[in-house]
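**Q** Handing you a structure now.
The values are calculated or read from the model by the stated rules, or taken from the named source; none is laboratory data. All values derive from a computational prediction rather than experimental measurement. Cβ atoms come from the backbone with ideal geometry, glycine included; neighbour counts cover every protein chain shown.
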């Protein structure tokens, strides 16, 4: 053992110093050549088996960080998706309501023009409201003569007193029922059947009902100008009330209601 500055120095003293990485000296300046050589060889051997991640933190994200980021992204996307779907739903419902209101207005205007133009034939009015069942619903088939004839063919006369008939049939493509209008000249409804089919006037109908009033204001659920009732015989109603219900997709039990009353200027023939 050598004496250095009055202190004993072992050749293996350098091995007792803690080994460090990243450029820290492996021995002291007072270490002997053997100690420095042994220390360097030992540290180089240790460096070969020591993972490099001990001194430097690897670049990247931990699993917890990734999960938190994914969670925050999911919240943001859910909020955006809910906002967009809510907006599109409101737009779709608004368009559907506008379409239903447009169809209802068209139907009521067409029926008003036909009823206001009710006309007699051979000294009497033809006006028949006959109830019938369709599925689990009750409807009324309305038949009357009117001068509001609509010609759809080139060879068809443009005007004249026609037999107009309104009837409800089952819908084929959409929910609810369809309203058909037939218009034929020179037809006797008491002897001839209405032409097959008819022109589609409206669809998505849930309910369609009528109320009839005579000249005194008395209300009737049906009307037959060819019957024996003196209040109705050879006459047309003084007022016809139309109650139309359109399909409400959000609540089928409560359809959209539309109501109008039509006054017939001429409802009886004066002797």
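**Q** In contact (Cβ under 8 Å) with a residue 12 or more places away in the chain, more than 30 Å from residue 229 (Cα to Cα) and in the same structural domain as residue 219 (by TED's automatic domain parsing): does that describe residue 170?
**A** yes
**Q** Another one. Cβ-Cβ distance below 8 Å, separation of 6 or more or different chains: which pairs start in segment 96-124 with a residue that is not assigned by TED's automatic domain parsing to the domain that holds residue 205 and end on one that is part of a loop (DSSP other than H, G, I, E, B) and buried (at least 16 other Cβ atoms within 10 Å of the Cβ)?
**A** Taking only residues 6 or more apart or on different chains, the pairs are 100/247.
**Q** Follow-up question, since we're still on this one. If you go through segment 232-264, how many residues are touching a strand residue (DSSP E or B) at 6+ places or on another chain (Cβ under 8 Å) and part of a loop (DSSP other than H, G, I, E, B)? Give the steps one after another, and end with the answer.
**A** Going residue by residue through segment 232-264, those that are touching a strand residue (DSSP E or B) at 6+ places or on another chain (Cβ under 8 Å) are 232, 234-248, 252, 255-264.
Filter again for part of a loop (DSSP other than H, G, I, E, B), leaving 232, 234-238, 247-248, 252, 255, 264.
Total satisfying the criteria: 11.
Every residue, every condition in (1) in contact with a strand residue (DSSP E or B) (Cβ under 9 Å, 6 or more places away or on another chain); (2) modelled with pLDDT under 90; (3) not in a loop (DSSP other than H, G, I, E, B), yes or no:
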residue: 140; (1), (2), (3): yes, no, yes
residue: 143; (1), (2), (3): yes, no, yes
residue: 174; (1), (2), (3): yes, yes, no
residue: 180; (1), (2), (3): yes, no, yes
residue: 188; (1), (2), (3): yes, yes, no
residue: 191; (1), (2), (3): no, yes, no
residue: 197; (1), (2), (3): yes, yes, no
residue: 200; (1), (2), (3): yes, yes, yes
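**Q** Same structure, new question: Which numbered condition in (1) touching a residue at least 12 places away in the same chain (Cβ under 8 Å); (2) within 37 Å of the chain's Cα centre (by Cα); (3) over 23 Å from residue 132 (Cα atoms) is the only one that residue 179 fails?
**A** (3)
**Q** Next question, about the same structure. So which residues in segment 157-169 are surrounded by 15 or more Cβ atoms within 10 Å (Cβ to Cβ) and farther than 25 Å from residue 204 by Cβ?
**A** 161, 162, 163
**Q** Now for a different question. Please state which of the following conditions residue 95 fails to meet, knowing it meets all the rest: (1) part of a helix (DSSP H, G or I); (2) under 30 Å from residue 213 (Cα atoms); (3) out of contact with any strand residue (DSSP E or B) (no Cβ under 6 Å at 6 or more places or on another chain).
**A** Of (1) part of a helix (DSSP H, G or I); (2) under 30 Å from residue 213 (Cα atoms); (3) out of contact with any strand residue (DSSP E or B) (no Cβ under 6 Å at 6 or more places or on another chain), only one is false for residue 95: (2).
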